[in-house]
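Only one structure is covered here, and it is reproduced in the block below.
The values are calculated or read from the model by the stated rules, or taken from the named source; none is laboratory data. None of the values given here were measured: they were computed from a predicted structure. All Cβ positions, glycine included, derive from the backbone under ideal geometry; neighbour counts span all protein chains shown. Quick note on the areas: whole protein, heavy atoms, side chains included, nothing else; ligands and nucleic acids left out. Shrake-Rupley method; radii C 1.70, N 1.55, O 1.52, S 1.80 Å.
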Amino acid sequence: MTVDMPAQALNASLLARNLGNWRTSSRSGPAYQGLADAIRLLIVDGRLPVGAQLPSERALAEALRVSRTTVTAAYAELRDDGYLNARRGARSTTALPVTPDVRTGAAAASVSLAAAALAAPAAAVAEAFAEATHDVTPYLHVPGHELIGVPALRQAIAERYCERGLPTEPDEIMVTTGAQHAIGLILTTYVQAGDRVLVEQPTYHGALLSITTAGARPVPVAMTEDGWDLDALQASVHQLSPNLAYLIPDNHNPTGLTMPVPQRKQVAGIIAETRTRTVIDESIMDMWLDQPVPPPLAAEVTSRRDLVLTIGSMSKSFWGGLRVGWIRAERSTIATIASLRPSIDMGTAVFEQCAAARLLVRHHELLPERREILRARRAHLLILLHRHLPDWEPGHGVGGMSLWVRLPAPMSTALAAAASRLGLDLPAGPRFGVNGTLERFVRVPYTLPEEQLDTAVELLARAWHSVTGSAAPQPTTVVV
């Protein structure tokens, strides 16, 4: 006999916070449509778990300060579209539709601007896997549980840090199943439910998801148009005493900004003075486009080096399908994480580690071409935005894999909902922040091939004009 597990019940106040400025979606239509769009995006983005119970219509209406009729109509539309399952005598539960919604004309996503990542350098990756079939042979005679990582890969990672100015030994490396996994292992080791974790605003949405999943509270420190406000960061650390800080100083996701050396020295001083354990995410470090990034921030830390954990990944530099990342930290820190790792997993797949080691030793050969691809696609995207959306303002970032664009009005959630109906997958700006902020921004990656960028921006412009009710601009000639 099977027993149905009780569904997770969503708190009305928390849902209201996550919805952010959903009312912007209703400017071009009824309020219930904007609310339905915002809830739909939370489900699609994974910020509302499938199978969770939505609050009652009355409770959500009170939390949002709208009429119960608005919530009732929004729930009804979501049920009709397949995003809610209704059960007699019980609250509706979230769902994902099995087929595209024909009634509303919503299309299955044909273009995605959700992932900022390149396709693989196919020939090089194929060669690496072919070579890995020989490298893996010795591991076939042992259980294959590599909690720390295979020696060849740890050696290759350590050598890259040494090249970049951070002396590193292989035993200061732990191989993980991607950067997201590395973040999760660190949170499991050093953070408990209710702890504060300082983050930049905006920041990588996967880190925010990991923090909240761990039961911790992300504490945002707003970035400026040009970078980091370290006075605000220092004040937040002193006032809130976060248990952990998470920073992306290289080709920041999503802004593309890189922290200059003087600020890195200042951050190192803040870490040592306040004894704040800090995660430095270098996942996009290799994707500098205009000038190389400075040496690792960890190299500036001269005391309390045990407080700094640097994470990296193969995903952005080479290929996301490898699912190989790492943590670089002091030996005692690596030992502490390793002692707890068996409660999470028994190590990263050995075969993929062997392939990753082969690719890393070819980084001087492979990475320049990938940067050149990104430069060309970034230039193409800027031309498209100038032509189709001239009142949008790309940010000042000069690296990474996406543009952080300021919108003329705070309508990012409405834009993402309209884009979804046209078949374009676009995360709303609030996904990259805390408490539903960042409605004036949207992240637009330039990792797709040019012809797909053409389609994506055309759909993006259609979505924007449908939300604002404005007419599309006349084509303009761009001189480059």
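Quick look at the numbers
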item	result
The chain: angle of helix 179-190 to the longest principal axis, Cα-based, in degrees nearest 10	80
Mean separation of Cα contacts under 8 Å, 6 or more apart, over the residue count of the chain: relative contact order %	20
Simple spin-label estimate for residue 398 and residue 364 in nanometres, 7 Å along Cα-Cβ	2.6
By average C-beta atoms within 10 angstrom, highest first, the peptides 455-462, 398-405	398-405, 455-462
Helix axis angle, 412-421 relative to the chain longest principal axis, alpha carbon, degrees	80
Between the stretch 223-284 and the stretch 382-436, the alpha-carbon center distance in angstrom	24
Tilt relative to the chain, helix 151-163 - C-alpha long axis, 0 to 90 degrees, to 10	90
Computed Rg/Rh of the chain, alpha carbon atoms with Kirkwood Rh	0.97
Segments 128-137, 265-274, 415-424 sorted - mean Cβ within 10 Å per residue, highest first	415-424, 265-274, 128-137
Other-chain or far-sequence residues with amide H under 5 Å of residue 195's (modelled H)	217
Percent antiparallel among DSSP beta bridges (both partners in the chain, rounded to 5)	50
Cα gyration tensor category, rounded, prolate or oblate, for the stretch 261-342 with a/c compared to 1.5	oblate
Calculated from backbone phi, Karplus (6.51, -1.76, 1.60) coupling profile of the stretch 199-210 in Hz, x at Gly/Pro	9, 6, 10, x, 7, 5, 5, x, 5, 4, 5, 5
Global geometry of the stretch 371-412, whether rounded, prolate or oblate, following the gyration tensor of its Cα atoms and the 1.5 cut on a/c	oblate
Label-point separation, residue 232 to residue 379 (7 Å along Cα→Cβ), nm	3.4
Whole-Å distance, taken between Cα centres, linking the stretch 158-179 and the stretch 48-97	48
Surface share of carbon and sulfur [accessible, 1.4 angstrom probe, percent] for the chain	53
Residues whose placed amide H lies under 5 Å from that of residue 84, excluding near-sequence neighbours	79, 95
Gyration tensor (alpha-carbon) shape descriptor, the stretch 12-94, a/c threshold 1.5	rounded
Theoretical FRET efficiency, 1/(1+(r/R0)^6), r = Cβ-Cβ of residue 386 and residue 79, R0 41 Å, to 0.05	0.50
